[in-house]
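Taking it in order: structure first as structure tokens, then the write-up.
The values are calculated or read from the model by the stated rules, or taken from the named source; none is laboratory data. What you are looking at is a predicted structure, and each value in this text was computed from that prediction instead of being measured. When we count neighbours, we look across all protein chains shown, and the Cβ atoms used for this are built from the backbone with ideal geometry, even at glycine. Protein only, heavy atoms only, side chains kept; ligands, DNA and RNA dropped before computing areas. Shrake-Rupley method; radii C 1.70, N 1.55, O 1.52, S 1.80 Å.
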Amino acid sequence: MNTRLSSGESGTIAMMRDSVRRFAQAELAPRVEEHDRDDRFHRYLWPKLGEMGLMGIMVPESEGGLGLGYPEHVVVLEELARICAAAAMSYGVHSSLVIDQLMRHASSDQRRRLLPGLLSGELVAAIAMTEAEAGSDLVGMRTRAHREGDRWLVNGSKLWITNAAEADVVLVYAKTDPAAGKRGITAFLAEKSQGGLHVNRKLDLWGMRGSGSAELVFEDCEVPPENVLGGVNEGVRVLMSGLDYERVIAAAQCVGIMQAALDLTLPYVRERRQFGQPIGEFQLMQGKIADMYTQTSAARAYVQLAAAAAQNGSLTRHDAAAAYLFAAEIATQVALQAMQALGANGYSNENSAQRLVRDAKLFEIGGGTAEVRRMLIGRELFTKGE
């Protein structure tokens, strides 16, 4: 059911939206509640996404990708999250946080060795930065790497790592010169097949169940020099180069959750009858769905604007953070309004409204908390005088 104002999407983007929507309905919808209940990773989805070319949506065709851009990528993420936010988040980590960083910083040899498996979905990728005592405080990380002969040895642990339970390739950040602070951090491409990389425990999350979140432990994890990404002690540069784009990617998933909330609410208020009439005829309910629609449309427009800016190189740090801040907080509100509209049915675990609330809340916490985003936006506007 289409309740949206036509966005004027180009033919390519409109076709992409329709294709991914049909794919998500066929492949994700029948299993979403099972994966949420059992906290089961969507490994079966990886080769299917690879076959469609979606793993390399922004990878040039010459390197096996589709050669598209951020406007198309946000549409893919929105439509996947509309059905299953956990699967969308896992896909976003793989396709954006890892593959996009490879395209920005990897050598031709690194791309030749790793891209085919990542693009086909044969391999699952994760990014390991967060630690128990180092979330937004990157310099506080304790994971270390030191050179020993013809290899690097990585030691430490990383927490809250999406895809970690299934990951074959992990983009891990470690201190290689602790005395240098943020200038002494290096990004490594650790491969599970090389040994020393273990899943210590799978995390029992409130939401985003099925995202494979786990704690990773590195015990003399061997990384060859050719798996250093972007240069020794250049890890912060690698990280920051993709951070603004990653915020836009995350914001798109929030829009998908909002649309899912509308998809759930509108049929219900038409069918549910109280006092002899559909509850959607009551003005208070009409006001609720009007607010949900308006907020969803506003968030989608901001995300699409940010994606277009990312594509043409004009995205500002404060707009990337603001799009994410707005979409994340609104997604929680819209999901809660869906639960409220459904009443007792919405509070039942047999209904997906509670899953939408659980999934939405993560985006106010993960990828830099809402508080950190506000601090960043305020600082950027203050220092730039805008």
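So here's what we get for this one:
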| read-out | value |
| --- | --- |
| Selection count where residues are among the charged types (D, E, K, R), more than 22 Å from GLU329 (Cβ to Cβ) and assigned to a helix (DSSP H, G or I), scope the stretch 243-276 | 2 |
| The stretch 302-323 residues that are under 20 Å from VAL59 (Cα atoms) and without any contact (Cβ under 8 Å) to a residue 12 or more places away in the chain, paired with ones that are open to solvent by 10 Å² or more (accessible area, probe 1.4 Å) and among the acidic types (Asp, Glu) (beta carbon under 8 Å, 6 or more apart) | ALA309/ASP319 |
| Condition met for SER19 (among the hydroxyl-bearing types (Ser, Thr, Tyr), over 18 Å from the mean Cα position of the chain (by Cα), under 30 Å from THR265 (Cβ atoms) and part of a helix (DSSP H, G or I)) | yes |
| Within the stretch 156-215, tally of residues that are open to solvent by less than 30 Å² (accessible area, probe 1.4 Å), under 27 Å from ILE257 (Cβ atoms), in a strand (DSSP E or B) and touching a residue at least 60 places away in the same chain (Cβ under 8 Å) | 2 |
| Scan of the stretch 227-281 for residues that are in contact with a Gly (Cβ under 6 Å, 6 or more places away or on another chain), open to solvent by 10 Å² or more (accessible area, probe 1.4 Å) and closer than 15 Å to VAL74 by Cα, ordered by number | ALA250 |
| Tally of residues being β-branched (Val, Ile, Thr) and buried (at least 22 other Cβ atoms within 10 Å of the Cβ) across the stretch 216-226 | 1 |
| Residue pairs meeting the criteria (Cβ under 9 Å; at least 6 apart or on separate chains; first without any contact (Cβ under 8 Å) to a residue 24 or more places away in the chain and under 20 Å from MET89 (Cβ atoms), in the stretch 41-69; second buried (at least 17 other Cβ atoms within 10 Å of the Cβ) and among the aromatic types (Phe, Trp, Tyr)) | none |
| Verdict on GLU133 being among the acidic types (Asp, Glu) and either on the phi > 0 side of the Ramachandran plot or at pLDDT below 95 (or both) | yes |
| Qualifying residue in the stretch 270-282 (condition: at pLDDT 95 or above and under 21 Å from the mean Cα position of the chain (by Cα)) | no |
| Enumerated helices (runs of 4 or more DSSP H) restricted to the stretch 282-386, each holding at least 2 residues that are open to solvent by less than 70 Å² (accessible area, probe 1.4 Å) | 283-312, 317-342, 353-362, 370-384 |
